[in-house]
Every structure is written in C-alpha cells, then in structure tokens.
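First the structure, in the form of structure tokens, and then the observations on it.
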Amino acid sequence: DSGVTQTPKHLITATGQRVTLRCSPRSGDLSVYWYQQSLDQGLQFLIQYYNGEERAKGNILERFSAQQFPDLHSELNLSSLELGDSALYFCASSPVGGSYPEAFFGQGTRLTVV
Amino acid sequence: SQQGEEDPQALSIQEGENATMNCSYKTSINNLQWYRQNSGRGLVHLILIRSNEREKHSGRLRVTLDTSKKSSSLLITASRAADTASYFCATPGRSQAGTALIFGKGTTLSVSS
C-alpha cells in the first residue's frame, strides 16, 4: 500500500459527460501529480500541484482541469468526454516539489467512456 | 513527449534467468528512476540512481547509468515468476513539464516457471 488513495477505482460514463477523479496523497506529501496511461500513448504526465498551486503542466487537454485543496487532496476534472479519453488515470505524490525523491502512486481510476 | 525509451518492448525468460532492460534518454538528467507496474496496478518505485553514480544495487536489482551515452540498464538477477510486470524508467521532466517524472513506454517482462 503506497498510502495514496484514488477514488473511484472504476468509472463508466458516456461521451460528452463530465467526471471528477479524486486523489488523497500520502500524509505529509505536498506534491500531487496526475498521469494518464493508455495502450497507445503510454504513461503521460498531465499536471502537477504543489501545496495548492499548479507547478507544472504536461500533455493535459483543455477539457481537463485539476486543483489541489487546502487539505492537499486533489481532483482531476474531465469534461466533454470522448471515447479516446478511456484510460487509467493515476495520481502520485511526493514530499517535495521536485522529482528527486520517489513518487508514490495510487492504484488508479480506470475510466471507460462509452 | 517521452524522455526515456525502454528496450526491449517485451522480454520472456525462464525462472532463474537474468533479465536486462535498457533505457535511453534524450537530455541531461540529475537522476533516473526505475519503476515496476503489475498488470493494471499502480507503479512502484524500485531504485533511483543519481547522475554522479555509475552503478547501484538493491537486492536482486542492479542499475547502471552511463551519462555519456544517455542510457541506463536494469538487471534483475535470478528472476522469479513474481517479477512478471512492466518496468519503466523515469527521468525528471524538462521545460513545461517542470520536474515531474517523465516515463518511457516500458518493458513488459514475462517470467515463466
């Protein structure tokens, strides 16, 4: 158990809909990262938050947004969903803003868009 | 965009054999990490090697780093069926990606008993 909790584990929704994925980082970790994993694109970095503020952006679509709350949990919002958004979405956390230490991953949310 | 690329994409071996996976990356780094992912599960950190290190060991794992060739290798000795998983190298991102870890596409290792 990494200490990172993601909910829900599975999500099935229709095209055009909006969903929210939730992540609780390890106790004390200030950084949260979101990744998308699909068969064709591999593991893609989406966005990083550090202590409530956006720190870095990767290949995140404009239809996607995220935030980190004062209690450090984070949410990833996906809107106007398309079939191609079906993927595993991972949250990871680490103690500091940089990637020097290891990142701890949650078990992921499997999103299926039908 | 991918920073690291693992090779081979897939590897099948027998229990007891050694497994070697390679990672090549494009830009200078200050550290490189290896992660393991069991099917459909979250990634688990295996080992971190800094740019001033050439080799590092952790149990049955041995990692090397050659910064002149921008490459790293992960060796798993005396493989077990439980080592069946995907293995990824990860490096700190550049520019827009800040310092978040950027992963390669991974090597899928299958160890049969």
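Using unit Cβ charges (K, R positive; D, E negative) and no other charged atoms, how large, in debye to the nearest 20, is the dipole of region B:1-89 about its Cα centre?
Approximately 260 debye in magnitude.
Using a 1.4 Å probe on the protein heavy atoms only, what accessible surface does A:F45 show? Give it in Å² to the nearest 10.
Approximately 10 Å² for this residue.
How about region A:20-104: which trypsin sites (Lys or Arg not before Pro) there are in a DSSP loop, with at most 13 other Cβ atoms within 10 Å of their Cβ?
A:R63
Normalise the Cα radius of gyration of chain B by 2.2 N^0.38 Å (N = residues in it) and let me know the number.
Relative to the 2.2 N^0.38 Å estimate, chain B comes out at 1.02.
Assign unit charges at the C-beta atoms only (+1 for Lys and Arg, -1 for Asp and Glu), then state the dipole size of region B:1-46 relative to its Cα centre in Debye, rounded to the nearest 20.
Computed charge dipole of region B:1-46: roughly 240 debye.
Within 10 Å of each Cβ in peptide A:56-67, how many partner chain Cβ atoms are there on average? Round it to a whole number, please.
2
Using only C-alpha positions, report the orientation-averaged shadow area of the convex hull of the protein assembly as shown, nm², one decimal.
So the Cα hull casts an average projection of 12.0 nm².
Other chains' Cβ within 10 Å of B:34-42 residues: what's the mean?
4
With θ set to phi - 60° and the Karplus curve 6.51 cos²θ - 1.76 cosθ + 1.60, what are the ³J(HN,Hα) couplings of region B:34-49 in order, to the nearest whole Hz, using x for Gly and Pro?
After applying 6.51 cos²θ - 1.76 cosθ + 1.60, I find 10, 10, 10, 9, 7, 2, x, 9, x, 7, 10, 5, 9, 6, 10, 10 Hz.
Roughly what percent of Cα-Cα pairs across chain A reach past 16 Å?
Counting pairs separated by more than 16 Å, the tail of P(r) holds 55 percent.
Please report the relative contact order for chain B, taking Cα pairs under 8 Å with a sequence separation of at least 6, and give it as a percent rounded to a whole number.
Relative contact order here is 38 percent.
The values are calculated or read from the model by the stated rules, or taken from the named source; none is laboratory data. Here the structure is a predicted model, which is why all the values come from computation and not from measurement. Glycine also receives a Cβ, built like all others from the backbone with ideal geometry; neighbour counts cover every protein chain displayed. Only protein heavy atoms, including side chains, enter the accessible area calculation; ligands, DNA and RNA are left aside. Shrake-Rupley method; radii C 1.70, N 1.55, O 1.52, S 1.80 Å.
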